Amino acid sequence: MKKKIIFYPFLFALYPILGLYSRNLTEIPPMETVRPIFFSLLFTALFFGLFKLLLKDRERAAFLACFIVFFYSASELAYRVIEGYLFKGLSESSHRVILIAATLMLLFLSSRAVWDKYMTAARRAVFLNYLNLVSVIVVLFPLFNIASFWIKAADDAPQPWSSYIGRDDPAAKLSATARPDIYYVILDGYGRADVLDALYAYDNSPFLNALAERGFFIGERSRANYLRTSLSITSALNMDYVNFTADLAGADSVNRIPMFELAGNNRARRLLEEAGYAFVLVDSGSAFTRFYDADVFLTPFRTRPTLFEMWFYSTTALNALYEPELQITPALLEIFPLAGYSAHREFILSAFDQLAAAPKLPGPKFVFAHIIAPHPPFVLGAEGNPLRPNYPYVTGDGASFVANVEAYKQGYIGQVEYLNRRVLDFVDAILKNSETPPVIIIQGDHGPGLLFMLNGDNLNTCLWERASILNAYYFPEGGTGLLYPSISPVNSFRAAFNAYFGTDFAMLDDRTWFSLFDVPYDFTEITDQARDPCAPPQ
């Protein structure tokens, strides 16, 4: 009798990957799924072949291989479902209990005694047909979402978005006798001093005074140009507003993928590379600012998995070795980092160390660091002590923050206090060890999100908090003449290049635009609205 084809283990193995990608496809380049898919199929084939060899039973071997790969690829998600819907507040260590219970169940269900007793030849045939059919149906759902998205997004980028930048400016070329190193440091969500004072009762003047004593200019009335990280950083690096994206993708588009190219192939970087600069990336773990083609890619770990890989493997049984931390966790993290509080904390700590050591790198360089702090999650206390939030790893801010108001305020200010010390340390190291006085820009991409948390992420919320940012410039040797208190990020590199590289870029009007996270290109100007201070939350 002809043997029936068994393919369900391979389709079930694909589902956790396709499911995760389909829920995040607006932010994940599709190529990042290739390695997880390859290894998932490889391990399925290896387990299937091994069990078939040991058990001399195709059906049992397929069932075992399917269960192992499918369940252990999604066991963290199983824990989160149980914690979120059945047993609120269940500790992370319960994930390990679930794994033990599932393993015992697997051994029982796949035992020869159970199969010989309950799985007759007829039942085996029905079981096989059923699982083959279900596996096809299961993968069709994410595949449908993925196909629908890419069909709709097919014409969003008729040509690379970076080619639309600078069309209104005259051709520019940087020239300089002494080429200073340039450091561009984004402290994600770092708000302006008056916001911290009014809404958080925190006096940040000692830190700003310390920067001023070192020669920094502080933009005391600076506002973000956009309230979304991807738009804010992209516009700053391209020295221009990016509202043209609405014309290309449509105001209702959810597609952020072309923005990756626009951010990575930005105008500031291109001009500096043409002038002989090396591009140095300090890795932050952020998918949007992990520019893999950097000349120097500085990461705290021995390996460099993509962010999708880090997220995917954090949903597997592997995460039980990371959260909560075990004695072996630091060693595992160094070799194979997974998305989680431990890796998030290490990215922050390492970034400051890498910045302090950057002057030792040879030649003129453009060093870019996007540090995801003081933005949630809050993983460091004021003294640099590690914090471990008592809820599963999430990076949401504003309305997506999962704890209460007091936890937000305390966590945010605690990380601000720690960052302040580390910022001064790396600034001192750079100033001391640079042969030529460097250019240093330290900015928030947007402000904090306490009021977004309380009142929602919308135009009816007071936008002063979210729009007001830290904005500090070290322009040595009298280069601060083009700076002014309300300068916004879109003019940062225009001012720097005019001051040190002989360009004549026009300074743009400082404007602020709002858009929702889900529809990032549906812009509404809020320049006037963002000037109105907010009342402290009651």
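Brief remarks follow.
- Listed conditions (1) within 29 Å of ASP194 (Cβ to Cβ); (2) β-branched (Val, Ile, Thr); (3) not in a loop (DSSP other than H, G, I, E, B) are all met by VAL280, apart from (1).
- Qualifying residue in segment 387-396 (condition: touching a strand residue (DSSP E or B) at 6+ places or on another chain (Cβ under 8 Å), surrounded by 21 or more Cβ atoms within 10 Å (Cβ to Cβ) and under 13 Å from ILE348 (Cβ atoms)): no
Results for (1) hydrophobic (A, V, I, L, M, F, W, C); (2) modelled with pLDDT of 90 or more, shown as yes or no for each residue.
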{"residue": "VAL139", "(1), (2)": "yes, yes"}
{"residue": "ALA147", "(1), (2)": "yes, yes"}
{"residue": "ASP156", "(1), (2)": "no, yes"}
{"residue": "TRP161", "(1), (2)": "yes, yes"}
{"residue": "ILE165", "(1), (2)": "yes, yes"}
{"residue": "ASP168", "(1), (2)": "no, no"}
{"residue": "ALA171", "(1), (2)": "yes, no"}
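- Cβ separations smaller than 7 Å between residues 6+ apart or across chains give the following pairs from segment 117-129 residues that are in the same structural domain as ARG60 (by TED's automatic domain parsing) to residues that are part of a helix (DSSP H, G or I) and among the acidic types (Asp, Glu): ARG124/GLU59; LEU128/GLU59.
- Of all the residues in segment 6-40, those that are in a helix (DSSP H, G or I) and in contact with a helix residue (DSSP H, G or I) (Cβ under 9 Å, 6 or more places away or on another chain) number 23.
- Filter pass, ALA171 being out of contact with any Pro (no Cβ under 8 Å at 6 or more places or on another chain) and without any contact (Cβ under 8 Å) to a residue 40 or more places away in the chain: yes
- Residue in segment 145-152 that is crowded, with 16+ Cβ neighbours inside 10 Å and under 25 Å from ALA236 (Cα atoms) present: no
- Segment 435-476, residues that are among the β-branched types (Val, Ile, Thr) and either farther than 16 Å from PRO533 by Cα or out of contact with any Ser or Thr (no Cβ under 8 Å at 6 or more places or on another chain) (or both): THR436, VAL439, ILE440, ILE441, ILE442, THR461
- Scan segment 305-348 for residues that are in contact with a Gly (Cβ under 8 Å, 6 or more places away or on another chain), assigned to a helix (DSSP H, G or I) and touching a residue at least 40 places away in the same chain (Cβ under 8 Å) and the total you get is 6.
- Count - residues of segment 153-193 that are among the hydrophobic types (A, V, I, L, M, F, W, C), over 30 Å from VAL423 (Cα atoms) and surrounded by 16 or more Cβ atoms within 10 Å (Cβ to Cβ): 5
- Of the residues making up segment 88-137, just one is surrounded by 14 or more Cβ atoms within 10 Å (Cβ to Cβ) and of a type in the set (Asp, Glu), namely GLU92.
- Of all residues in segment 283-304, those satisfying the criterion of being part of a loop (DSSP other than H, G, I, E, B), touching a strand residue (DSSP E or B) at 6+ places or on another chain (Cβ under 6 Å) and over 17 Å from LEU187 (Cα atoms) are PHE291, ALA294, ASP295.
- In segment 246-273, of all residues being of a type in the set (Lys, Arg) and not in a loop (DSSP other than H, G, I, E, B), the one that is nearest to ILE151 (Cα to Cα) corresponds to ARG267.
- Test: residue in segment 403-411 that is touching a Phe, Trp or Tyr at 6+ places or on another chain (Cβ under 8 Å), among the β-branched types (Val, Ile, Thr) and in the same structural domain as SER235 (by TED's automatic domain parsing): no
- PRO9 within 30 Å of VAL394 (Cα to Cα) and crowded, with 17+ Cβ neighbours inside 10 Å: no
- Among the residues of segment 185-211, those that are within 18 Å of SER486 (Cβ to Cβ) and touching a His at 6+ places or on another chain (Cβ under 9 Å) comprise TYR190, GLY191.
- Matching residues in segment 328-362 - criterion: being touching a Ser or Thr at 6+ places or on another chain (Cβ under 6 Å) and buried (at least 22 other Cβ atoms within 10 Å of the Cβ): LEU338, ALA339, GLY340, PHE347
- If you go through segment 120-140 and pick out every residue that is charged (D, E, K, R) and in contact with a Phe, Trp or Tyr (Cβ under 7 Å, 6 or more places away or on another chain), you end up with 0.
- Some residue of segment 78-91 being assigned to a loop (DSSP other than H, G, I, E, B) and modelled with pLDDT of 85 or more: no
The values are calculated or read from the model by the stated rules, or taken from the named source; none is laboratory data. Since the model is a prediction, treat every value here as computed from it, not as a measurement. With ideal geometry, Cβ positions are generated from the backbone for all residues, glycine too; neighbour counts draw on all protein chains shown.
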